[in-house]
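Please treat every number below as a calculation from the coordinates, not as lab data. Predicted, not measured: the structure shown is a model, and the values here were computed from it. When we count neighbours, we look across all protein chains shown, and the Cβ atoms used for this are built from the backbone with ideal geometry, even at glycine.
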Amino acid sequence: MATTFDSLATFPRQTRATVATIDWAALQAPEARRLREFGFEEGVGVEVLHRSFLGSGPIACRVGRMTVAIRRTVAAAIQVSRG
Amino acid sequence: MNLAPLVALVGNPNAGKSALFNALTGARQKVGNYPGVTVERHSGRLALDDGRPVELVDLPGTYSLDPSSADERVTRDVVTGQGGYERTPDALVVVIDAANLDNHLRFALQLIALGRPTVIALNMIDLAERDGLTLDPAVLARELGVPVVPTVAVRRRGLDELRAALTGLIGTAATPPAPEEEIAVLQKRARALSRAAVVSETPGRRWGAALDAVALHPLFGPVILLALLFVMFQAVFAWSEAPIGWIEAGFAALETFVTTLIPDGFIQSLLTQGLIAGVGAVIVFLPQILILFLFILVLEASGYMVRAAFLMDRMMARVGLSGRAFIPLLSSFACAVPGIMATRSIEDEKDRLTTILIAPLMTCSARLPVYTIIIGAFIPNRLLGGWVGLQGLVLFGLYVLGILGAFVAALVLRRTVTKGASSGFMMEMPKYQWPQPRDVLIGLWTRVEIFLKRAGTTIALTTIVLWALLSYPTPPAGSPVSQVDYSVAGRIANGVEVIVRPIGFNRDIALALIPAMAAREVAVAAIGTVYAIDDTEGESGQRSMVDKLRHRWSLPTALAFLMWFVFAPQCISTIAVTRRETNGWKWPAFMVGYLFAAAYIAAGITYWASVALGL
């Protein structure tokens, strides 16, 4: 059975998750680079901390030891699994 | 002559480079708790233990040597010796946040690979300990192959050790740079190193997370942001009353003193009606400006700025900007010049240009005197519902109008002259910190110096020139024409009045608008001088100016004047900094043009609407 992953954009808040895949091709080059610089990569632990304005707007998430704000469109390219 | 060795402070944003720079060199560079505080290279002197001098440079924070904005480009250029910085640093001080080794070590690894003599400052070690992290610097030093010095820049801890390490490094030869590696590879090594260096980790108090749960709450977050801004503008009025009274009393005493000391005539008139009336009318606003700066400095130092950017991102996205642009815009409430400089941290060029063009719409502190005096004269000092001052509310409304104007301008600009793909919003959210009283005081003091210098130079000079132009020539005895109307300035103003009469402006306003280009506060100084010269009873100070305004201006005229300054054609410094940041005259010319047009139209609409309403 193929494993299915959730998008970070819609993942429940304050639940530990691990980055499964990142669709780098869906991101613009500067976005992809900054995401890498923030430490996003396969296997890294992440956690959605806050979402602004019910439904749209950016999300704040913990990656490694830092908290970053990214837009939902970018978060949608990040697939995570629980735990 | 031999140049002093060059040492560069490099590292991630918010690692504490500027704080360390200040601690090592005694400089007073601005420090703050958000990415993008330092946007240019600053240089200072430092003496090593053996007496050798070293030139220390503070650089904008960046995540790698692959820059994505103008400020990060400076760091890359200085470190690698490109773009006009031919002298590569003789040594690097890599500043890393002890509480975020996983991320900061990756950039440190990239910098160490350059082969330059390097020392690591393991900064903010106290905060890491507060978070329950115990680190072993020796492990890091062994694994990285460079000295590692624990520091707490704001408490001046570890500075001697850092200087000693530098003394040992300066003069050692650089090794050839190692081949560049992928970010992912470096990141894995950084994580492994971080794991090795952490001796123990106990979950500390997560008060930052608790604070964010409120500050970033989908509903409470925006309410708190609005409330903060609201309290800020209420405080500008509420807290400044007493100190303004002292300054006024001081100037009144000075005027009496000058009048008794110097006989009636040219010199006395120049000093009292020209200098004291003009400069005094402006200096009176120092308390209000400092209160405003206090709020902004505390917001900048606490880490709240990025939270505000986060909350504003969605709204900013609607007008084609990102939350990131909100930080320079909020700084522009203090002054548009540093605000425009701060746009260097915006990645997208079109985004940055748009932010520069709308920054003057953020009500800067120089407009406070104009707003205050008109509000003081025409808006009753009443409390609404027992606690909200009506005057503060009107002031808040003017700020909101500026913000709305900026949004509309951004919307139009992004669809016309600065068209382009919308950029993203990606920002690190720094940990909350208590503002350091010392940094806040330095920030305020710097402001006092700038303000008094402006009052003593630009404002004083403009006022004296204006006084002279208003005092001469004198009308022949018995002439029905008043002194002001007969003077050179009065004649010019009567000419300008023709253009501004349709929007309800009188001669006095026409007269104030031209010198206000030098500095907006001069509008107040100019009106102060006009009334001092026209005045026969010899009363002066802000109180009497308010009385005169009430007699001479109608309410629609006053409201139109306020509206003019919401969109006010900016001061010369803003135009100059815009020219520098956009490399030419095209954009500043455009900015002046569109703001003049907007001011004229908005003031006109306000005037005629209030007349129609019978105000």
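Values as computed for the structure displayed
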read-out	value
Under 5 Å, built H, 5+ apart or other chain: amide partners of A:SER7	A:VAL80
DSSP-defined beta bridges in the protein assembly as shown - what % are antiparallel, rounded to 5	65
Footprinting exposure proxy for B:VAL388, A:VAL74 (fewest neighbouring C-beta atoms within 10 Å first)	B:VAL388, A:VAL74
Trypsin sites (Lys or Arg not before Pro) lying in DSSP loop within segment A:5-34, provided at most 13 other Cβ fall within 10 Å	A:ARG13, A:ARG16
Label-point gap, in nm, between B:LEU384 and B:LEU261 - each point 7 angstrom along Cα→Cβ	4.6
Computed over chain B, Kirkwood Rh from alpha-carbon pairs, angstrom	26.7
Exercise: per-residue mean of other protein chain Cβ atoms within 10 Å, B:215-224	3
Karplus 3J(HN,Hα) series, Hz, for segment B:550-564 with 6.51 cos²θ - 1.76 cosθ + 1.60 (x for Gly, Pro)	4, 6, 9, 10, 8, 4, x, 5, 5, 5, 5, 5, 4, 5, 4
For A:66-78, mean number of other protein chain Cβ atoms within 10 Å	5
Amide H within-cut-off set for B:LEU46, under 5 Å, with H built and near neighbours excluded	B:VAL54, B:LEU56
Theoretical FRET efficiency, 1/(1+(r/R0)^6), r = Cβ-Cβ of B:THR474 and A:ALA29, R0 56 Å, to 0.05	0.20
Ellipticity estimate at 222 nm from DSSP helix runs (n ≥ 4, -39,500 (n - 2.57)) divided over the protein assembly as shown, nearest 500	-16500 deg cm²/dmol
Average partner coverage of B:422-434, which counts Cβ from other chains inside 10 Å	5
J(HN,Hα) series, segment B:582-595, from Karplus relation 6.51 cos²θ - 1.76 cosθ + 1.60, nearest Hz, glycine and proline x	10, 6, x, 8, 4, 6, x, 5, 4, 4, 4, x, 5, 6
Student exercise, the protein assembly as shown dipole from Lys, Arg, Asp, Glu Cβ charges, in Debye to nearest 20	1100
Stokes-Einstein diffusion coefficient of segment A:6-82, Kirkwood radius over Cα pairs, 10 °C, 1.306 mPa s, in µm²/s	132
Antiparallel bridges, percent of DSSP beta bridges restricted to chain B (to nearest 5)	40
Cross-link pairs beyond the 24 Å C-alpha cut-off, checked among B:LYS17/B:LYS431; B:LYS431/B:LYS453; B:LYS30/B:LYS431; B:LYS419/B:LYS586; B:LYS30/B:LYS453	B:LYS431/B:LYS453
Whole-Hz couplings from phi, Karplus 6.51/-1.76/1.60, listed for segment B:118-129; x for Gly and Pro	9, 10, 9, 9, 7, 8, 6, 4, 5, 5, 5, 5
Share, in percent, of DSSP beta bridges within segment B:6-201 that are antiparallel, nearest 5	35
Amide proton proximity set for B:CYS335, modelled H, under 5 Å, gap of 5+	B:SER365
